[in-house]
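*Asks:* Structure in structure tokens, see below.
The values are calculated or read from the model by the stated rules, or taken from the named source; none is laboratory data. Here the structure is a predicted model, which is why all the values come from computation and not from measurement. Positions of Cβ are generated from backbone atoms using ideal geometry, with glycine treated the same way; all protein chains shown enter the neighbour counts. For accessibility, only protein heavy atoms count, side chains too; no ligands or nucleic acids. Shrake-Rupley method; radii C 1.70, N 1.55, O 1.52, S 1.80 Å.
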Amino acid sequence: MPVAKYTNRHNTALAKFVATLDNPSSELDDLCLRTFQGVLGQPGLDPTENCLVLEQSGQIKGLALIFWEFPIGRSIVEVMTTPELAGNPCEIDLVQQPVAKAESHKLSVAHICVMADSGMGKVLEQAGFTKVLTYQDMLWSMDELAELELPKGYSVRSFQTGDTPLLTQVQNDAFTGNWGFCPNTEEQIEYRTQMPNTSKDGILFLIEGNIPAGYCWAMMVPAENGVRGVIGMIAVVPDYRGKGVSRHILQAGMKHLRSIGLAEIGLDVDGNNAPAVGLYESTGFNTMGERHWFERVLPGT
């Protein structure tokens, strides 16, 4: 079962393959397809070069997507395979080929994130990767969201046309220096605001006067019980850290997701970030599983 490059004929089959792995109901096929097409179309990806496919008798058995972060010398590889391929040499090949591509680009590191219970950890170790970070998958599914009054002088507003430079600046200011963060361009941010699994109403700024204190980016994903809300990104800009505003930013995103009828809200968080974990737990989130980040250091330049 050789690893092959993506072609346009794979598009719908790959989207259905991803949907099957996530176990959504059949009515979510359209969301899965449009979101997957959106991922493949994002700036700089070029799926004909950076999407690899395992196919057997016309059936998709695995894929690898390679995302380039040249400013920080990193590639991120997203790998998905069917359970029956566990331990198959094809899995290792699906990992090794993206690593070889990263080496050819003179990058310094490759990262892959997998579910802790997927069995992929052993495959990655065989391919020279080492586990470096554990993220907790958390879920909120309470009947009611507690009301929280904004501090005096603060307001919440959603993303508006023309806000792309502001969102780019706020996101880069908030995350620069964090593990694995690559500064985003306005082109990248603008594209992501138009993805089918998000909306401008789900991108929310917490503002003091006219100064942004932070933001929350709420999204939708297919899940076993239907569409689930997700807090995709949440951050406080440096000048507002330690002022207790993160709870209000989280509240804004959750209120939006509840307002569009989503009963479950998920997120993932660095397990070593005790303040963030404490915030989510105190809001009613429970840990449902773990994701493990694996790293392979490359020769670089």
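*Asks:* Filter region 272-288 down to residues that are farther than 20 Å from Leu133 by Cα and among the β-branched types (Val, Ile, Thr), then give me how many there are.
*Replies:* Selection size over region 272-288: 1.
*Asks:* Counting only residues that are more than 16 Å from the chain's Cα centre (by Cα) and free of Cβ contacts under 8 Å to residues at least 60 places away in the same chain, which one in region 186-198 is most open to solvent (accessible area, probe 1.4 Å)?
*Replies:* Filtering first and then ranking leaves Glu186.
*Asks:* Still on this structure: Which residues, taken from region 257-277, are assigned to a helix (DSSP H, G or I) and either open to solvent by 30 Å² or more (accessible area, probe 1.4 Å) or touching a helix residue (DSSP H, G or I) at 6+ places or on another chain (Cβ under 6 Å) (or both)?
*Replies:* Once the filter is applied, which keeps residues that are assigned to a helix (DSSP H, G or I) and either open to solvent by 30 Å² or more (accessible area, probe 1.4 Å) or touching a helix residue (DSSP H, G or I) at 6+ places or on another chain (Cβ under 6 Å) (or both), region 257-277 yields Arg258, Ser259, Ala274, Pro275.
*Asks:* Could you check region 109-121 and list, in sequence order, the residues that are surrounded by 15 or more Cβ atoms within 10 Å (Cβ to Cβ) and outside any strand (DSSP E or B)?
*Replies:* Of everything in region 109-121, those that are surrounded by 15 or more Cβ atoms within 10 Å (Cβ to Cβ) and outside any strand (DSSP E or B) turn out to be Ala116, Ser118, Gly119, Met120, Gly121.
*Asks:* Taking region 122-145 on its own, how many of its residues are in a helix (DSSP H, G or I) and open to solvent by 20 Å² or more (accessible area, probe 1.4 Å)?
*Replies:* Number satisfying all stated conditions: 3.
*Asks:* May I pose another question? Evaluate the following for Thr81: is it of a type in the set (Ser, Thr, Tyr) and farther than 30 Å from Phe205 by Cα?
*Replies:* Against the criterion (of a type in the set (Ser, Thr, Tyr) and farther than 30 Å from Phe205 by Cα), Thr81 qualifies.
*Asks:* Right, here's the next one. Name the single residue that is nearest to the chain's Cα centre (by Cα) among those in region 67-105 being surrounded by 15 or more Cβ atoms within 10 Å (Cβ to Cβ), more than 19 Å from His292 (Cβ to Cβ) and among the hydrophobic types (A, V, I, L, M, F, W, C).
*Replies:* The selected residue is Trp68.
*Asks:* Another question about this same structure. Restricting region 212-228 to residues that are at pLDDT 95 or above and out of contact with any Gly (no Cβ under 6 Å at 6 or more places or on another chain), which is most open to solvent (accessible area, probe 1.4 Å)?
*Replies:* Pro212
*Asks:* Could I ask something else about it? Looking at region 43-60 only, could you name the residues that are open to solvent by 40 Å² or more (accessible area, probe 1.4 Å) and either among the hydroxyl-bearing types (Ser, Thr, Tyr) or not in a helix (DSSP H, G or I) (or both)?
*Replies:* Pro43, Gly44, Asp46, Thr48, Glu55, Gln56, Ser57, Gly58, Gln59
*Asks:* When you scan region 155-180, how many residues do you find that are under 22 Å from Val245 (Cα atoms) and open to solvent by less than 40 Å² (accessible area, probe 1.4 Å)?
*Replies:* Going through region 155-180 one residue at a time, the tally reaches 10.
*Asks:* Now for a different question. Across region 132-149, what is the number of residues that are at pLDDT 95 or above and aliphatic (A, V, I, L, M)?
*Replies:* Number satisfying all stated conditions: 4.
*Asks:* Something else: Could you say which residue among Val170, Val123 is in contact (Cβ under 8 Å) with a residue 12 or more places away in the chain, touching a helix residue (DSSP H, G or I) at 6+ places or on another chain (Cβ under 7 Å) and aliphatic (A, V, I, L, M)?
*Replies:* Every option except Val123 fails the conditions.
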